[in-house]
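Heads up: the structure comes next, in structure tokens.
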Amino acid sequence: MTDAQICEMVNMHRYLMRCEIRHALDKVCAENGNQDYSAANRSEAFNDKEWIKFAQWFKDMRDE
């Protein structure tokens, strides 16, 4: 991998981890009655799509 690809991978992974933390907070808030579960469900669905994009990007880099 090139330096640029490594930087892009790190940035995407950092973004995904922040999304996971946001999802965990949404879930905790929903469990404490501060928010409805739909916000937690939306963030989880969003995270799933983003992880799939990351995996596809990583596979494309491997295949090059």
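Every number here is computed from the coordinates shown, using simple stated rules; none is lab data. Since this is a predicted model, take the numbers as computed values, not measurements. Here the Cβ positions follow ideal geometry from the backbone for every residue, glycine too, while neighbour counts run over all protein chains shown.
Overview of results
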item: In degrees, nearest ten, helix 3-31 long axis to first principal axis of the chain (Cα); result: 10 degrees
item: Burial ordering of His23, His13, fewest other beta-carbon atoms within 10 Å first; result: His13, His23
item: Volume in Å³ per residue [convex hull over Cα atoms, computed for the chain]; result: 55 Å³
item: Two-site label geometry, Tyr15 and Asn41: point separation in nm, points 7 Å out along Cα→Cβ; result: 2.6 nm
item: Degrees separating the helix 37-63 axis from the principal Cα axis of the chain, which is the longest one; result: 10 degrees
item: Estimated FRET transfer efficiency (Trp57, Leu25; beta-carbon r; R0 35 Å; 0.05); result: 0.85
item: Average Cα contact separation per residue, segment 3-63, under 8 Å, 6 or more apart, as relative contact order %; result: 33 percent
